[in-house]
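The values are calculated or read from the model by the stated rules, or taken from the named source; none is laboratory data. The model shown is predicted, which means the values in this text are computed figures rather than measured ones. Here Cβ is always computed from backbone atoms with ideal geometry, including for glycine, and neighbour counts include all displayed protein chains. For accessibility, only protein heavy atoms count, side chains too; no ligands or nucleic acids. Shrake-Rupley method; radii C 1.70, N 1.55, O 1.52, S 1.80 Å.
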Amino acid sequence: QVQLVESGGGLVQAGNSLRLSCVASGRTSSLAAMGWFRQAPGKEREFVGRIRWSGATTLYADSMKGRFTISIDNAKNTVYLQMNSLRPEDTAVYYCAAAVGYDDYDRPRGYDYWGQGTQVTASS
């Protein structure tokens, strides 16, 4: 089992930045990749990006490229989501997820463990 705890969400003005953290504990040796998703009210959970546990490669949703950056600190078992130039449409609950494989990396079903989510609100 793997446990994930996100932190760093909050209320920011549009145009500003925010960094989310996700600490993994438990059987982290079984993990292949970490992902970030978000879900706005009334909408489906949306893929933000993914990083391999080794940190070797990252993938992003097209709409996030250039503004969002995912990184990993293996010594701390922590994954980060740096969000710059936030827009009101980025407002959502952001979830950290962990996968033991690489299939369906951009879909929730591709992940085996989930954090509780952290709210991000970008006000105009």
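Got at least one residue in the range 92-102 being modelled with pLDDT under 95 and either touching a His at 6+ places or on another chain (Cβ under 6 Å) or open to solvent by 60 Å² or more (accessible area, probe 1.4 Å) (or both)?
So the first thing to find is which residues in the range 92-102 are modelled with pLDDT under 95, and the list is 101-102.
After this cut, where a residue has to be either touching a His at 6+ places or on another chain (Cβ under 6 Å) or open to solvent by 60 Å² or more (accessible area, probe 1.4 Å) (or both) as well, the list is 102.
Looking for residues that are modelled with pLDDT under 95 and either touching a His at 6+ places or on another chain (Cβ under 6 Å) or open to solvent by 60 Å² or more (accessible area, probe 1.4 Å) (or both), one finds at least one in the range 92-102, hence yes.
Filtered by the rule that a residue be crowded, with 20+ Cβ neighbours inside 10 Å and farther than 15 Å from GLU6 by Cα, the range 69-89 gives a lone residue, LEU86. Taking the criterion of being open to solvent by 20 Å² or more (accessible area, probe 1.4 Å) and touching a Cys at 6+ places or on another chain (Cβ under 8 Å), the only residue of the range 103-124 that qualifies is TRP114. Checked against (1) open to solvent by less than 60 Å² (accessible area, probe 1.4 Å); (2) within 11 Å of the chain's Cα centre (by Cα), ARG19 passes all but a single condition, namely (1).
Conditions tested, residue by residue: (1) among the charged types (D, E, K, R); (2) within 13 Å of ARG45 (Cα to Cα).
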position	(1), (2)
LYS76	yes, no
GLN82	no, no
ARG87	yes, no
VAL93	no, yes
SER123	no, no
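Across the range 50-68, which residue is farthest from GLY101 (Cα to Cα) among those that are of a type outside the set (A, V, I, L, M) and open to solvent by 70 Å² or more (accessible area, probe 1.4 Å)? This residue is GLY66.
Of the residues making up the range 27-49, those that are open to solvent by 40 Å² or more (accessible area, probe 1.4 Å) and touching a strand residue (DSSP E or B) at 6+ places or on another chain (Cβ under 6 Å) number 4.
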